[in-house]
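J.: Structure provided below as structure tokens; questions to follow.
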Amino acid sequence: MERGDDPTFLRIRGGPDHGTTMGLSEGPVVIGRGPDNDIDIDEETVSRRHALIVPSSRGRHVLRDLSSSNGTFVNRDRLGHQERILRHGDRIRVAGSGVTFIFQDEGSETVVMHPGRAEADSGADDEPGVEQDARLEMDEDEIKLLELLESRTFTAVSKEEIAEYLWPEYPVKGLRAARAMTKAIERLREHLGDDPRDPRRLITAGDYGFLLVEGKRPPDR
């Protein structure tokens with residue numbers, strides 16, 4: 001649970017984990033009721049899969065409500081169906097829980113983000129990504145899929161994780177999730193300019209899942 005040297009983390013107030021912290025840079029963090037979540041809140045008002053914090057592009061973190069019954073709140077505002085880019089000091093609560101998560105970004109004082117400019121200004125020749133105009137044409141499923149894959153560039157993401165992340169209301173291995181995933185992958189490849197007969201950027205990793213390849217591969221460690 002402790003964050004170590006992670007500069008972006010949650011500080012937990014209330015509940016059995018009061019006073020602890022959790023780093024956020026390693027990947028998506030699922031909040032819900034049950035030990036199979038990254039953060040388990042054992043309260044009846046909390047849904048089994050309640051909320052998700054995921055690293056997005058350009059070093060930001062995004063909070064999403066996973067169609068919970070009793071809502072996710074940031075600074076007293078209910079999240080609804082829209083995602084929320086987290087800012088240093090934001091306070092997150094799920095349902096009527098007495099647990100509060102305080103989002104901390106220790107690099108926020110030295111990084112200035114200008115909405116609408118970050119995507120264009122920070123692009124590099126070796127990181128083609130998806131052009132901003134193309135992103136505007138993408139639907140919600142395609143955007144969520146892209147952000148999940150971008151958070152794991154050069155790492156295969158399983159079909160089960162994709163299905164649970166994008167369509168938590170469907171059975172993970174059901175036909176509806178499979179059809180929705182096929183459609184989202186096909187459309188995302190179109191936006192990436194990938195040849196569906198020989199994809200080079202959004203690659204199928206066997207029966208396991210999918211792999212996004214962007215820019216230069218990070219060095220082996």
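The values are calculated or read from the model by the stated rules, or taken from the named source; none is laboratory data. If you're wondering where the values come from, they're calculated on a predicted model, not measured in any experiment. Here Cβ is always computed from backbone atoms with ideal geometry, including for glycine, and neighbour counts include all displayed protein chains. Surface areas here come from the heavy atoms of the whole protein model, side chains and all, with no ligands, DNA or RNA. Shrake-Rupley method; radii C 1.70, N 1.55, O 1.52, S 1.80 Å.
J.: Just to be sure I understand, how many residues within the stretch 17-27 are in a loop (DSSP other than H, G, I, E, B), of a type outside the set (A, V, I, L, M, F, W, C) and either at pLDDT 90 or above or open to solvent by less than 60 Å² (accessible area, probe 1.4 Å) (or both)? Break it down stepwise before answering.
T.: Taking the stretch 17-27 and keeping what is in a loop (DSSP other than H, G, I, E, B), we get 17-20, 24-27.
Right, trim to of a type outside the set (A, V, I, L, M, F, W, C) and you get 17-20, 25-27.
If we keep only those that are either at pLDDT 90 or above or open to solvent by less than 60 Å² (accessible area, probe 1.4 Å) (or both) as well, we get 17, 19-20, 27.
Of the residues in that region, 4 qualify.
J.: List the pairs whose first member sits in the stretch 153-164 and is closer than 10 Å to Gly209 by Cα, whose second member is open to solvent by 40 Å² or more (accessible area, probe 1.4 Å) and among the aromatic types (Phe, Trp, Tyr), and whose Cβ atoms are under 9 Å apart, counting only residues at least 6 apart or on separate chains?
T.: So the pair list comes out as Ala156/Tyr208; Val157/Tyr208; Ser158/Tyr208; Lys159/Tyr208.
J.: So which helices (runs of 4 or more DSSP H) stay within the stretch 123-180 end to end and still have 3 or more residues that are at pLDDT 85 or above and open to solvent by less than 50 Å² (accessible area, probe 1.4 Å)?
T.: 140-150, 159-166
J.: Now for a different question. Which one of these does Gly71 not meet: (1) at negative phi; (2) over 13 Å from the mean Cα position of the chain (by Cα)?
T.: Status for Gly71: all satisfied but (1).
J.: From the list Val62, Val111, Val46, Val30, which one is open to solvent by 70 Å² or more (accessible area, probe 1.4 Å) and either part of a loop (DSSP other than H, G, I, E, B) or at pLDDT 90 or above (or both)?
T.: Result of the check over Val62, Val111, Val46, Val30: Val111.
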